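Since the structure comes first, as structure tokens, the remarks are kept for the end.
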Amino acid sequence: MAFLFNRARPRQPAELSRSIKDLLARLWETPNGQKVEEDLARQLAQMKLIVQGTQEVDILPEQVHQLVQAALHDDLLFELARSIASLPFEARKDTQTIFSHILRFNPPNSNASEPPAITYIVNNRPEILIELCRGYENSKSAMPCGTILREALKFEVVTAIILYDQSADEEPAIKLNNVRLGTKQTGEGVFWNFFQWINRGSFEVSADAFTTFREILTKHKGLVCGYLQANFDLFFSKYNNILVLSDSYVTKRQSIKLLGEILLDRANYGVMTAYVDRGDHLKLCMNLLKDDRKMVQYEGFHIFKVFVANPNKSITVQRILINNKDRLLKFLPKFLEDRTDDDQFTDEKSFLVRQIELLPPEPIEPTRSSSGSINGSGVSPPAVA
């Protein structure tokens with residue numbers, strides 16, 4: 001009877017953390033070991049109970065605090081992040097819950113600007129974030145890792161790490177104190193892998209990766225604006241050629257819609273003016289208007305209107321619009337004419353037709369350059385809070 005009682009005894013947080021770490025090490029040594037998987041599932045369920053509680057079991061903040069401290073001390077978050085694809089289904093779900101609770105846990109009466117797990121990760125173990133991103137390389141880990149990432153991305157410092165890390169496999173990831181905002185990237189870091197995860201993954205992986213990608217680009221606007229300014233050509237070359245021109249209808253449509261959101265956000269005014277200065281961007285957009293799928297046409301229209309409405313069009317953009325003036329004036333009145341219940345769209349079409357009618361016979365030098373701040377070296381991005 002004593003033996004049975006000891007087996008049922010709940011483990012203390014520090015003991016539980018060490019035990020799970022040891023089991024994860026054994027899982028790597030003997031993949032698909034049923035006994036190890038069963039022990040892991042049972043102990044992860046116990047850990048979830050500590051951080052989440054149930055209707056019958058209350059959460060004890062001090063016990064959660066002990067668990068968070070133990071998990072950070074034992075480097076358990078890294079081991080869980082790199083092992084999540086190897087866990088049984090229910091254990092993966094429990095790991096997602098545990099991770100998310102630990103990331104947002106703040107000790108009682110704490111005045112810190114961010115939870116201790118976030119502070120630890122960005123300053124000491126950024127590899128945790130890189131492993132979570134690489135979860136998109138396996139369909140089993142993609143969605144739980146994506147959910148954890150989006151919890152972490154609520155904090156600007158996490159977004160900064162993911163944007164500016166350029167480490168190769170097996171290399172240490174960048175720590176927060178080494179992030180230099182506004183520096184140009186090589187296109188080799190973990191952030192740039194999202195383009196392929198979105199475009200080449202299965203539908204479930206692609207959809208989740210895109211959700212995280214969108215969170216990265218829209219959550220912390222000042223940080224991202226500086227990043228896009230510093231990496232304008234590299235970013236939009238990949239964005240247009242891989243995502244906007246994707247063979248996947250869903251990826252194509254979502255990417256065009258996100259592009260519109262980015263360009264029309266006031267925080268990205270400098271990025272928008274630089275984007276609409278480019279003739280190749282306008283040509284891409286005009287081709288979207290002729291796509292076989294109406295929703296692609298519709299999303300493309302919201303990009304096209306920014307080019308036409310810009311009062312300081314570049315010479316190149318003016319020339320393309322002037323050369324296509326007659327065709328556009330015939331095309332636009334009939335464009336998506338079945339959207340009769342969308343008054344705003346109808347008004348915008350009429351406005352664009354009027355702007356095109358008013359185009360001069362020849363391009364006129366714009367009153368100011370709208371792209372000088374993008375490719376120069378004088379970008380002064382905001383500090384990471």
Can you give me the distance in nm between label points at R327 and A112, each placed 7 Å from the Cα along the Cα-to-Cβ direction?
5.9
Output the 0 to 90 degree angle, nearest 10, between the alpha-carbon long axis of helix 249-264 and the longest principal axis computed from the alpha carbons of the chain.
70
Given charges at Cβ of Lys, Arg, Asp, Glu: the stretch 160-251 dipole, positive-most of S202, I216, W192:
I216
Among K154/K283; K294/K325; K35/K154; K140/K238; K140/K219, the pairs whose Cα-Cα distance exceeds 30 Å are K154/K283; K35/K154
Between the alpha-carbon centers of the stretch 229-287 and the stretch 6-71, tell me the distance in whole angstrom.
45
For the chain, the longest principal axis of the Cα atoms and the Cα long axis of helix 203-218 enclose an angle in degrees, to the nearest 10, of 70
Which GluC sites (Glu not before Pro) does the stretch 41-131 hold that lie in a coil by DSSP with at most 12 other beta carbons within 10 Å?
E56
Choose one of S167, F155, T183: the residue whose Cα lies farthest towards the positive end of the charge dipole of the chain (beta-carbon charges +1 Lys, Arg; -1 Asp, Glu; about the Cα centre).
T183
Kindly give the semi-axes, whole Å and largest first, of the ellipsoid equivalent to the stretch 234-376, taking each as the square root of 5 times a Cα gyration tensor eigenvalue.
22, 21, 13
Ratio of the Cα radius of gyration of the chain to 2.2 N^0.38 Å, where N counts its residues
1.20
Per residue, the convex hull enclosing the alpha carbons of the stretch 225-314 has a volume in Å³ of 85
Positive end of the dipole of the chain, charges at C-beta (+1 Lys, Arg; -1 Asp, Glu), about the Cα centre: which of F235, N324, S110 has its Cα farthest in that direction?
N324
If you place +1 on the Cβ of every Lys and Arg, -1 on the Cβ of every Asp and Glu, and leave all else neutral, what size is the dipole of the chain about its Cα centre, to the nearest 20 Debye?
620
Test item: Cα-centred dipole of the stretch 213-269, Lys/Arg +1 and Asp/Glu -1 on Cβ, debye
140
For D342 and R293 in the same chain, what is the full-extension length gain: residue separation times 0.36 nm, less their Cα-Cα distance, in nm?
15.8 nm
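We did not get these values from a lab; they are worked out from the coordinates using the rules stated. Small disclaimer: the values here were computed from a predicted structure and weren't measured. Every residue, glycine among them, receives a Cβ derived from its backbone with ideal geometry; neighbour counts consider all protein chains shown.
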